[in-house]
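A quick write-up on the structure given underneath.
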Amino acid sequence: MLCHIPAARRGPLVWLIPSLWTLALGLWGLSRQHSVWRDEAATWQVAGRSAGEIVDMLGNVDAVHGLYYLLMHGLFELFGASTTTLRLPSVLAVAAAAACVAVIGRRLAGFWAGLGGGLALGLLPAVQFYLQEGRPYALVAAGAGLSTLLLVSLLSAPPGPGPRRRAWPRWTAYAVTVLVCALLNWLSLLVLPAHAATLWWVRAGRGVWLRWAAYGACAVAGALPLVLFSRSQSDQVSWIPPLTWHMMIGPAILLALGGVCALADRPRAGRLSATAVGLPLLAVPQLGLIGISLVQPLFLDRYVLFSMVGLALLIGAGLGAAVRAARPLSPRGAGLLVPGAIGVSVLALLPVELGKRAPASRVDDVLAVAGEVARLGRPGDAVLFVPAARRDTALVSPGAFAGLADVALERSPVASATLKGEEADPARIREALLRQSRVLLVTDAAKVAKPSGAARDAAKAAVLKERFTVVEDRQVRGRRVTVYERR
């Protein structure tokens with residue numbers, strides 16, 4: 001057992017065990033029954049374009065994810081397009097974040113705190129969701145873990161001119177890590193005020209403050225062009241609802257849990273501790289996003305997923321404190337406390353773990369509906385998408401749409417440098433439909449469908465209602481295929 005291993009030999013285990021544990025959690029059910037939902041479909045179809053086509057698209061849409069798309073393009077080129085290639089980077093990133101939590105926890109609160117925090121990260125429900133998600137948020141969490149580890153190592157360094165001279169490579173790595181995270185999602189810059197709160201808590205010296213400010217400013221300056229340019233594409237997030245009280249229930253629960261763990265750690269002002277690092281990393285991004293959302297609605301938990309690194313660190317500190325309290329009473333029992341707590345958590349969260357790995361955990365499945373189209377479609381049939389964004393099904397599974405005519409499309413997504421292409425005007429769509437005898441409509445399932453105010457979509461619906469009859473209607477995993485025949 002771990003408690004019988006000499007302390008000198010525990011060093012690699014404290015990060016290796018959480019990394020392998022998180023990797024196993026991520027590989028479990030990675031394909032989600034061979035399903036891909038709409039957000040991941042955006043990654044899939046953009047990554048399949050050439051680097052030049054991706055750059056052209058970023059001038060019109062999704063500039064905020066540009067670096068991630070280029071990274072995934074390289075991986076798709078090397079390993080081919082698959083759900084494994086799509087999601088494995090996120091799995092590896094969370095495994096790396098778990099290793100960072102473990103190393104930080106061990107340094108600040110002991111072996112059991114590090115091990116408990118590293119093991120806990122992959123079990124958090126929010127992390128479970130994005131652990132197997134083909135989007136950049138897990139990569140940002142890994143970067144936040146690394147930048148926090150670098151900051152802790154700098155704050156732990158002994159004073160003196162020698163250590164100060166040797167610190168500049170770590171400060172440079174810190175700035176580069178923060179910059180890369182910002183290029184993946186610029187809201188990750190909220191890690192900087194979180195780290196500033198840690199510096200204030202530990203009463204860092206003037207020299208440390210100046211270096212942190214200088215290197216942090218370099219990271220912000222590097223990301224500023226992207227921040228400013230992406231603001232011109234802010235209509236992409238116009239669908240996010242305004243902040244309401246019920247939306248803050250989740251952050252309140254997380255902060256309460258973090259606060260309880262922090263009390264168990266018994267933090268003291270002026271001392272570098274797990275609480276001094278973890279509590280700001282949890283609280284500041286959550287509260288910062290709430291503050292930003294009061295100006296412009298942006299409150300989505302995935303934008304501050306990296307704050308879960310702070311929560312895991314606090315949970316680890318709480319477990320470490322419990323082990324220390326139990327050791328005088330039962331040394332053997334104290335060594336079983338962390339494995340036992342993790343085991344109980346796995347069982348308690350098993351419904352959540354199974355749910356996150358099921359297709360029903362996402363709004364829809366673009367691959368399932370593509371299979372229905374392949375089964376129902378006949379060569380020469382027309383196909384329509386309502387809204388136009390549902391064209392992602394055809395972009396991810398073009399083989400299922402072979403022989404079908406996309407009669408509303410005027411310029412393809414690649415030709416128009418957009419995500420969903422450019423459709424013809426309503427009159428031309430109507431003329432094209434009136435020449436068809438059979439049409440397949442791909443749209444959202446009734447339970448998730450939202451009214452479309454687009455004139456093109458209204459024209460499609462009007463012609464289908466006036467001149468066509470429904471002969472088959474199938475709903476599968478959040479999407480719907482309806483077959484119409486000319487009266």
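The values are calculated or read from the model by the stated rules, or taken from the named source; none is laboratory data. Quick caveat: nothing in here was measured; it's all calculated off a predicted structure. Note that each Cβ is placed from the backbone with ideal geometry, even for glycine, and that neighbours are counted across all protein chains shown. Only protein heavy atoms, including side chains, enter the accessible area calculation; ligands, DNA and RNA are left aside. Shrake-Rupley method; radii C 1.70, N 1.55, O 1.52, S 1.80 Å.
If the reach is capped at under 29 angstrom between alpha carbons, list the lysines near Lys460, excluding any in the same chain fewer than eight residues apart.
Reachable lysines: Lys420, Lys447, Lys450.
Tell me, what is the Rg over Rh of segment 325-420, with Rh the Kirkwood radius over Cα pairs? Intermediate values should be presented prior to the final figure.
Values: Rg = 25.0 Å, Rh = 17.7 Å.
Using Cα coordinates only, the ratio equals 1.42.
Dividing the Cα radius of gyration by the Kirkwood radius, what Rg/Rh value follows for segment 265-310? Don't jump to the answer; show the numbers that get you there.
Working: Rg = 12.8 Å, Rh = 11.6 Å.
Result for segment 265-310 is an Rg/Rh of 1.11.
For Ser234, Ser90, what's the largest-to-smallest order of accessible area, 1.4 Å probe?
Ser234, Ser90
Can you tally the net charge around Ala432? Count Lys and Arg as +1, Asp and Glu as -1, for every other residue whose Cβ sits under 14 Å from the Cβ of Ala432.
Working: positive: Arg428, Arg430, Arg435, Arg438, Arg456, Lys460, Arg467, Arg486; negative: Asp381, Asp406, Glu410, Glu423, Asp425, Glu431.
Surrounding charge for Ala432 is +2.
Could you compute the FRET efficiency for Thr172 and Ala445, with r as their C-beta to C-beta distance and R0 at 41 Å, rounded to 0.05?
Values: r = 50 Å, r/R0 = 1.23.
The calculated FRET efficiency here is 0.25.
For segment 228-276, what size does the Cα cloud have along each of its three principal axes, sorted from largest down, in whole Å?
Result, largest extent first: 45, 28, 11 Å.
What is the percent carbon and sulfur in the accessible area of the chain, measuring with a 1.4 Å probe over the protein chains and ignoring ligands?
Details: 13690 of 20990 Å².
C and S atoms contribute 65 percent here.
With every protein chain in place, what's the accessible area of Ser82 (1.4 Å probe, Å², nearest 10)?
Approximately 40 Å² of Ser82 is accessible to the 1.4 Å probe.
What is the projected area of the convex hull of the Cα atoms of segment 1-132, averaged over all directions, in nm²?
Projected area, direction-averaged: 9.8 nm².
Provide, in order from the shortest bin, the percent of all Cα-Cα pairs of segment 357-487 in each 5 Å bin, continuing until the bin that contains the maximum pair distance.
It works out to 2, 11, 22, 25, 23, 13, 4, 1, 0, in whole percents.
Near the amide H of Arg479, under 5 Å away, which other amide H atoms are found, from residues 5 or more places off or on another chain, if H is placed in the peptide plane?
Here the answer is Asp365, Ala445, since their amide H atoms fall under 5 Å of that of Arg479.
Tell me, in nm to one decimal, what length is gained between Met247 and Leu70 on full extension, where the rule is 0.36 nm per residue of separation less the Cα-Cα distance? Provide the component values of the computation, followed by the final result.
On the way: separation 177, 0.36 × 177 = 63.72 nm, distance 3.30 nm.
Working it through step by step, the gained length comes to 60.4 nm.
Whole number please: convex hull volume per residue, Cα atoms of the chain, in Å³. Can you show the working numbers first?
On the way: hull volume 76.4 nm³, N = 487.
Measuring per residue, one finds 157 Å³ for the Cα hull of the chain.
Tally Lys/Arg at +1 and Asp/Glu at -1 over every other residue whose Cβ is under 14 Å from the Cβ of Ala262; what's the total?
Working: positive: Arg266, Arg268, Arg271; negative: Asp265.
Charge balance near Ala262 sits at +2.
Whole Å is fine, so just give me how far the alpha carbon centre of segment 180-247 lies from that of segment 255-318.
Using only Cα atoms, the two centres lie 15 Å from each other.
Quick one: the Cα spread of segment 397-472 along its three principal axes, in angstroms, biggest first?
For segment 397-472, the Cα spread along each principal axis is 34, 31, 27 Å.
Rg and Dmax of segment 151-253, using alpha carbons, in Å: what are they?
For segment 151-253, the Cα radius of gyration and maximum Cα-Cα distance read 17.3, 53 Å.
Asp56 accessible area, nearest 10 Å², 1.4 Å probe?
We get 100 Å² for Asp56.
Do any chymotrypsin sites (Phe, Trp or Tyr not before Pro) in segment 25-133 lie in a DSSP loop with no more than 14 other beta carbon atoms within 10 Å, and if so, which? Intermediate values should be presented prior to the final figure.
Details: sites: Trp28, Trp37, Trp44, Tyr68, Tyr69, Phe76, Phe79, Phe111, Trp112, Phe129, Tyr130; in loops: Trp28, Trp37.
Passing both the DSSP loop test and the Cβ count: Trp28.
Please express the shape of segment 62-165 as an equivalent ellipsoid: the semi-axes are the square roots of 5 times the eigenvalues of the C-alpha gyration tensor, given largest first in whole angstrom. Display every interim value, and only then the final one.
On the way: eigenvalues 188, 68, 21 Å².
So the three semi-axes of segment 62-165 are 31, 18, 10 Å.
Students sometimes get this wrong: rank Ile249, Ile429, Ile290 by accessible area, probe 1.4 Å, all chains present, largest first. Before the final figure, lay out each step's value.
Numbers: Ile249 95, Ile429 0, Ile290 25 Å².
The ordering from most to least exposed comes out as Ile249, Ile290, Ile429.
Tell me the per residue accessible area of the chain using a 1.4 Å probe; a whole number in Å² is fine.
Working: 20990 Å² over 487 residues.
I get 43 Å² per residue for this part.
Applying 1/(1 + (r/R0)^6) with R0 = 45 Å to the Cβ-Cβ distance of Ala213 and Arg486, what FRET efficiency is obtained, to the nearest 0.05? List each step's numbers first, then the result.
Details: r = 69 Å, r/R0 = 1.54.
The pair Ala213/Arg486 has a calculated efficiency of 0.05.
In what sequence, highest mean first, do 341-350, 471-480 appear when ranked by Cβ atoms within 10 angstrom? Working shown, then result.
Numbers: 341-350: 13.0, 471-480: 17.8.
Ranking, from highest mean packing down: 471-480, 341-350.
Could you sort Leu434, Leu464, Leu294 by accessible area so the largest value comes first, with the probe set to 1.4 Å? Mind showing how you got there, number by number?
On the way: Leu434 50, Leu464 5, Leu294 130 Å².
So the residues, ranked largest to smallest area, are Leu294, Leu434, Leu464.
Out of all DSSP beta bridges with both ends in the chain, state the antiparallel percent to the nearest 5. Mind dumping the intermediate values first?
On the way: 17 of 24 bridges.
DSSP beta bridges in the chain are roughly 70 percent antiparallel.
Can you give the helix-only mean residue ellipticity at 222 nm for the chain, where every DSSP H stretch with n ≥ 4 adds -39500 (n - 2.57) and the sum goes over all residues, rounded to the nearest 500 deg cm²/dmol?
Estimated from H runs of four or more residues: -19500 deg cm²/dmol.
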